[in-house]
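Worksheet: the structure to be examined is printed underneath.
The values are calculated or read from the model by the stated rules, or taken from the named source; none is laboratory data. Bear in mind that the values here come from a model prediction, so they are computed numbers and not experimental data. Positions of Cβ are backbone-derived with ideal geometry, glycine not excepted, and every protein chain shown enters the neighbour counts. When the accessible area is computed, the model is the full protein with side chains, heavy atoms only, and any ligands, DNA or RNA have been set aside. Shrake-Rupley method; radii C 1.70, N 1.55, O 1.52, S 1.80 Å.
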Amino acid sequence: MTGKSSNKMWGGRFASGPDAIMEEINASIDFDRKLYAQDIAGSLAHADMLADTGIISADDRDKIVDGLNTILSEIEAGTFEFSRRLEDIHMNIEARLAELIGAAAGRLHTARSRNDQVALDFRLWVSAQLENTETALTRLIGVLLERAEEHADTVMPGFTHLQTAQPVTFGHHCMAYVEMFGRDRSRVRDALTRLDECPLGAAALAGTGFAINRQQTAEALGFSAPTRNSIDTVSDRDFALEFLGLAAICGTHLSRLAEEIVIWSTPQFGFVRLSDAFSTGSSIMPQKKNPDAAELVRAKTGRINGALIALLTVMKGLPLAYSKDMQEDKEQVFDAAETLELALAAMTGMVGDMQISAQAMKAAAGAGYSTATDLADWLVREAGLPFRDAHHVTGKAVALAEEKGCGLADLPLEDIQKINGAITESVFDVLSVDASVASRTSFGGTAPANVREQINWWRGRL
């Protein structure tokens, strides 16, 4: 061995192939082999178009099709031998095709380049992953809707600054995440719409002089139309960045829910209990039940964020059109896609089978004078006080309750009337947590009837 390896696929430009270091940095077959199905689909569509336009013969097209289908079977059966010498999935398939059918294989690459070929393969892969993500999000939203319906009346504390603020229902809280993941789902659909243009036929960067039919290949591959500018086509990775961007936002939503599950499952809160399927024990403390699945979902968001920053950094300084830097676009996307898929599945499982302690939630909902705002609203509505004055009166009532060590609803009426004489016994109708949530009937509010309306709306939308 001389440290040199010959690569005949390069043609006559180089007398010898890259040395071992160059082969190591240049090869992408270790990861872009994931694109084999998309690469073969693109080649099949391209071969049909070349034959239909008379650029290659029907006989050559038939040989190419048979050869590509054989290669597809070999790869799926695990018998295909990938070679790092041949750099990438495109050249590996082309070399094997030449072994199978001879000279006809060389005609397949007419009127295309690896630049538009990889742009096509990657778009097709990302498109399929976006559809998988939409399906996974729909599943998660469905589970959240089920829990929201079960607990439309279950009162829990609502928080700001992680301090008890006002009572809400657990159903309403679940619906907040439905809104988040619903936006994620709409971003997926938006990305699919923008991705829906076929790169094949842009060639290296300037198009081709052959009389190809780009509309035919676009339709054959499921795109609505071909891309409109050949330079942009081969240099564009917006579709990959968009996928990573929406994945990062979705990961953030997953992480927020995971964080709440971690908090809720502590003995100090006791709002939920995870099943054994999504938690582990301690190696030394037998009483422990750790929310490992939630913690890992929370952590994996960092991998997705890292992938987005990495690809943004790769793309930020590239002149038009194609640069080899863009070979670094795939590993980040592949990893982020697998990570997001796993995190969505784990969260769907956790939300679906975790046990809810309605009793613990309700007990916590009344702590921290959570109905103070209801008292202020009552003073405005029933006693005619300006809200700022009502706020001041309520503050005094809270201070008195703290002094006596009781809740607002437990204060004697005569003590409250010493603060403001306009207060009557009917004030106690709004000081319970159940009355508080029932009163929040404004659109988007936490009243159980509102929650059920929103559940029905979302089910219709899904």
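Pairwise Cα distances in the chain exceed 28 Å for 63 percent of all pairs.
Label separation (Arg228 vs Glu99): 4.5 nm, computed from points 7 Å beyond Cα along the C-beta direction.
Length gained on full extension, Ser426 to Asp19: 137.8 nm, using 0.36 nm per residue less the C-alpha separation.
Size estimate for the stretch 166-222 follows the Kirkwood approach: the inverse of mean 1/r over distinct Cα pairs works out to 15.2 Å.
When the pairs Lys34/Lys289; Lys289/Lys404; Lys34/Lys324; Lys34/Lys316 are compared against a 29 Å limit on Cα-Cα distance, Lys34/Lys289; Lys289/Lys404 fall above it.
Spacing of the modelled spin labels on Asp276 and Leu318, each 7 Å from Cα toward Cβ, amounts to 5.0 nm. Based on the Cβ-Cβ distance from Phe269 to His391, what FRET efficiency comes out when R0 is 30 Å, to the nearest 0.05? E(calc), rounded to 0.05, equals 0.55. With a Förster radius of 22 Å applied to the C-beta separation of Arg256 and Ala367, the computed FRET efficiency comes to 0.45.
Kirkwood radius and radius of gyration were both taken over the C-alpha atoms of the stretch 235-371, and their ratio Rg/Rh is 1.15. Based on DSSP H segments of at least four residues, each scored -39500 (n - 2.57), the chain has a per-residue ellipticity at 222 nm of -20000 deg cm²/dmol.
Applying 1/(1 + (r/R0)^6) with R0 = 60 Å to the Cβ-Cβ distance of Leu162 and Ala77, what FRET efficiency is obtained, to the nearest 0.05?
The computed FRET efficiency comes out at 0.65.
With only the Cα atoms considered, the stretch 326-435 has a convex hull volume of 183 Å³ per residue. The apolar share of the surface of the stretch 16-126, taken as the fraction of accessible area on carbon and sulfur atoms (1.4 Å probe, ligands and nucleic acids excluded), comes to 49 percent.
Packing, as the average of other Cβ atoms within 10 Å across residues, places the peptides 215-221, 96-102 in the order 215-221, 96-102, highest first. For the stretch 124-223, the share of alpha carbon pairs falling in successive 10 Å distance bins from zero is 14, 27, 21, 16, 10, 9, 3 percent. Counted over the chain, the DSSP beta bridges are approximately 85% antiparallel. Are there chymotrypsin sites (Phe, Trp or Tyr not before Pro) in the stretch 381-462 that DSSP marks as loop and that have at most 11 other Cβ atoms within 10 Å, and which are they? Counting only loop positions with at most 11 other Cβ atoms within 10 Å, the chymotrypsin sites (Phe, Trp or Tyr not before Pro) in the stretch 381-462 are Phe443.
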